[in-house]
Amino acid sequence: MKRWQILFSIVILSVLTIASAVFNEGYVGIFVFSLIINGTMAVSYDIPGRSLGLISLGHAVFFGVGAYCFGLGISMGFSFFPSLFLTLLLSFIIAMLVTLLLAGLNHGYYSLATLGVLIIFQKIVETLEFVTGGSAGLYIPDVLSKHHYSLLAALLLLATAACHVFFSRSRWGLYSKETKASEDAAEVVGIPTRKVKILCLMTAAIPACMAGAIHLARTSYVSPPSGFSLTLSITALLSSRIVPVSGLLGPLLGVLLITTAEEVIWTKFEGFNHALFGLILLGAAFYQGLFSDKELARR
Amino acid sequence: MIQVLISGLFLGSVYALLAVGLSLAFGIMGILNLAHGSLAVLAAILYKKSLVFFPFSPWFFCVLSMPVFLAFGFLLHLVIVAPFRNLSLSASVVASLIASLGIALILEDIFVWWQGWEPISTYIPFPTFNLLNLKIPGLRAVLLGMATATIGLSTIFLKKTDMGRSMRALAQDKEAASLYGIHPGFTSMSALGLATILAGLAGIFYSSLYPLGPRQGLDLTLKALFIVVAGGMGNLRGPAVAGLVLGFIESFAAYLFTYTSTDTIVYSLLVAYLVLKRSGRHQ
């Protein structure tokens, strides 16, 4: 990552953190909160997305798992922080199970399986009505103030960004790049490719789970389609990919672009938000199609 | 129990038809077309709308819709395949996946705007007949026959016609096929056209049997994709058999458990299969 990219990333993160402290009520407060949550999702998605080249269509699985674990904790009578700890614990176990299942898959199969897992979780949560509230969703009471939730979300984004930087600079980051280039070659030189994939996917899963928990804490409501949302997964995918800049800056700029576009679409084009989102996807795909792989890599 | 088996057979034949089209597109062009199910929904809507003006029988409409869906396939090729020709295989798979998802989302909103949220049902009354003390719904039996005939004709088309052979050659080795004078662009466009026709027919058959929601396209695509993965990418026999198996599983799951748990069971089995299947894993 070049120096200007590091500086620019720090500026964006600082602005978002300050904005979360200043604007925590009203429309702007909600928008800033969305930016931070989507930012956490995009940055966490980018860890395996960019280093391993895996396209997940189900990153929102972890968001939904986090939200429901937290919601169940609060519903069982735990206070905020014990519920958050419980979420971390349960999310870790579930994320580990999902990761262990999917770590062996490559490319198209991985994308397909992640989409399948997203739907499975959605259906399971819908079926377990007595625990999760089923299709009607889960309501929880407001425990802390909006101000606290925004700051917690900003802290989570900073922690996720730190994980992104540390992972990409660590030997595991280098291992993952080697694994992406050629899994066979990586294994020949002694890189434990499966372990690399699991570590990489887990580093991405935990922040997404916590983002789900904090999002539920602020909004007080989660339902199977909103928790395990395909749109959220695609937002993370697009945010991570749409700006062809390496390192942390890519997903951060991407999330500013996509979340703003998403907000405009939701408010101005009601009823056609999926269609406009589809157009953005088409645009992103065409953008990729305009250049050869070498050209994209050079950029 | 046998009645459930028969019901599974009917549903499975429609899934098989849907999956065969998807398998054709993957085998020849290497693309995972996420808009495949949405094209099936489009066909169902077109059929329902056309019924207002002309009381077409499903089989007559199937024949009429073929050129229309061939044209849709050609158009789709221009959007989800042609722009990514210069990319590497893995990059083109990702790009076409994203582009086809974009098309699926656009189509879903158009369907809701055009048709509303009401599920599309094109059921037409048809006599039921008895066979060995079993009640066989006539419409389902006819549709099963048509689905089987379509898959059979597609196989014959691929094996016996020049265009079919070109498609198979392209699937085996693109560069070698080009050296022998096969035009990759036109051939892959024709393959996607054929796949789209199969998706359209599956949509018409499905909506004749069960109500089809305007946003159910992605769900259908996903099931078809899993069938294709389970049955083997790029061949027609495997997905046809896997489609039938999925139909049986769904029918038995609905019979043994609740209808709402069907999807959970089916998707869990499919993901388990995907995870255990060796071809999806790094060797």
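The one condition from (1) within 30 Å of A:W172 (Cα to Cα); (2) within 13 Å of chain B (Cβ to nearest Cβ); (3) at pLDDT 80 or above; (4) assigned to a helix (DSSP H, G or I) that A:Q288 does not meet is (3).
Of the set (1) over 21 Å from B:A19 (Cα atoms); (2) without any contact (Cβ under 8 Å) to a residue 24 or more places away in the chain, all apply to B:L134 but (2). Of everything listed in (1) in contact with an Asp or Glu (Cβ under 9 Å, 6 or more places away or on another chain); (2) within 14 Å of chain B (Cβ to nearest Cβ); (3) not polar (S, T, N, Q), the single unmet condition for A:G250 is (2). Regarding B:F157, is this residue farther than 22 Å from A:L279 by Cβ, aromatic (F, W, Y) and in a helix (DSSP H, G or I)? Taking the combined requirement at face value, the residue satisfies it.
Look at segment A:248-266: where a residue is farther than 21 Å from A:F8 by Cα and a partner is hydrophobic (A, V, I, L, M, F, W, C), sitting 6+ places away or on another chain with Cβ atoms under 6 Å, you get A:I265/A:L276. Of all residues in segment A:158-173, one or more are surrounded by fewer than 23 Cβ atoms within 10 Å (Cβ to Cβ), without any contact (Cβ under 8 Å) to a residue 40 or more places away in the chain and closer than 25 Å to B:V94 by Cβ. Of all residues in segment B:119-141 being modelled with pLDDT of 80 or more and of a type outside the set (G, A, S), which is surrounded by the most Cβ atoms within 10 Å (Cβ to Cβ)? Among those residues, the one meeting the criterion is B:I120. Please state which one of B:G213, B:G217, B:G231, B:G238 is under 17 Å from the mean Cα position of the chain (by Cα), under 30 Å from B:S188 (Cβ atoms) and either modelled with pLDDT of 85 or more or among the acidic types (D, E) (or both). Answer to the selection: B:G217. Inside segment A:87-112, residues that are more than 9 Å from chain B (Cβ to nearest Cβ) and farther than 21 Å from A:S226 by Cβ make up a count of 9. For segment B:247-267, filtered to residues that are within 19 Å of A:L118 (Cβ to Cβ) and not charged (D, E, K, R), the residue that is modelled with the lowest pLDDT is B:T260. Please tell me if A:Y45 is at pLDDT below 85 and closer than 25 Å to A:I234 by Cβ. No; evaluated as a whole, the condition is false for this residue. Which residue out of A:S233, A:S145, A:S135, A:S223 is over 15 Å from A:F63 (Cβ atoms) and in contact with a Ser or Thr (Cβ under 8 Å, 6 or more places away or on another chain)? Going through A:S233, A:S145, A:S135, A:S223 in turn, just one is over 15 Å from A:F63 (Cβ atoms) and in contact with a Ser or Thr (Cβ under 8 Å, 6 or more places away or on another chain): A:S135. Just one residue in the set A:G73, A:G53 is of a type in the set (G, A, S) and in contact (Cβ under 8 Å) with a residue 40 or more places away in the chain; that residue is A:G53. There is no residue in segment A:128-145 that is among the charged types (D, E, K, R) and either in contact with a strand residue (DSSP E or B) (Cβ under 7 Å, 6 or more places away or on another chain) or crowded, with 19+ Cβ neighbours inside 10 Å (or both). The set of residues in segment A:113-132 that are among the hydrophobic types (A, V, I, L, M, F, W, C), more than 14 Å from A:A60 (Cα to Cα) and facing chain B (nearest Cβ under 9 Å) contains only A:I124. Taken as a whole, the structure places A:L105 among residues that are touching a Gly at 6+ places or on another chain (Cβ under 8 Å), under 30 Å from A:D184 (Cα atoms) and either at pLDDT 90 or above or of a type outside the set (F, W, Y) (or both). Within segment B:209-243, the only residue that satisfies the criterion of being crowded, with 23+ Cβ neighbours inside 10 Å, more than 23 Å from B:G164 (Cβ to Cβ) and away from chain A (no Cβ under 14 Å) is B:L212.
Yes or no: segment A:225-233 includes at least one residue that is part of a helix (DSSP H, G or I), over 20 Å from B:G102 (Cβ atoms) and of a type outside the set (A, V, I, L, M, F, W, C). Within segment A:225-233, one or more residues are part of a helix (DSSP H, G or I), over 20 Å from B:G102 (Cβ atoms) and of a type outside the set (A, V, I, L, M, F, W, C).
For segment B:149-193, taking the residues that are within 23 Å of B:S96 (Cβ to Cβ) and touching a Gly at 6+ places or on another chain (Cβ under 7 Å), the one that is modelled with the lowest pLDDT is identified as B:A171. Among the residues of segment A:259-282, those that are facing chain B (nearest Cβ under 8 Å) and not hydrophobic (A, V, I, L, M, F, W, C) comprise A:G271, A:N273, A:H274, A:G278.
Taking segment B:47-67 as the range and being under 19 Å from the mean Cα position of the chain (by Cα) and free of Cβ contacts under 8 Å to residues at least 24 places away in the same chain as the test, the residues that pass are B:V63, B:L64, B:P67. Summed over segment A:163-196, the residues that are of a type in the set (V, I, T), part of a helix (DSSP H, G or I) and touching a Ser or Thr at 6+ places or on another chain (Cβ under 7 Å) give a count of 3.
Among the residues making up segment A:220-247, those that are of a type outside the set (S, T, Y) and away from chain B (no Cβ under 14 Å) are A:V222, A:G227, A:V243, A:V245, A:G247.
The values are calculated or read from the model by the stated rules, or taken from the named source; none is laboratory data. Small disclaimer: the values here were computed from a predicted structure and weren't measured. When we count neighbours, we look across all protein chains shown, and the Cβ atoms used for this are built from the backbone with ideal geometry, even at glycine.
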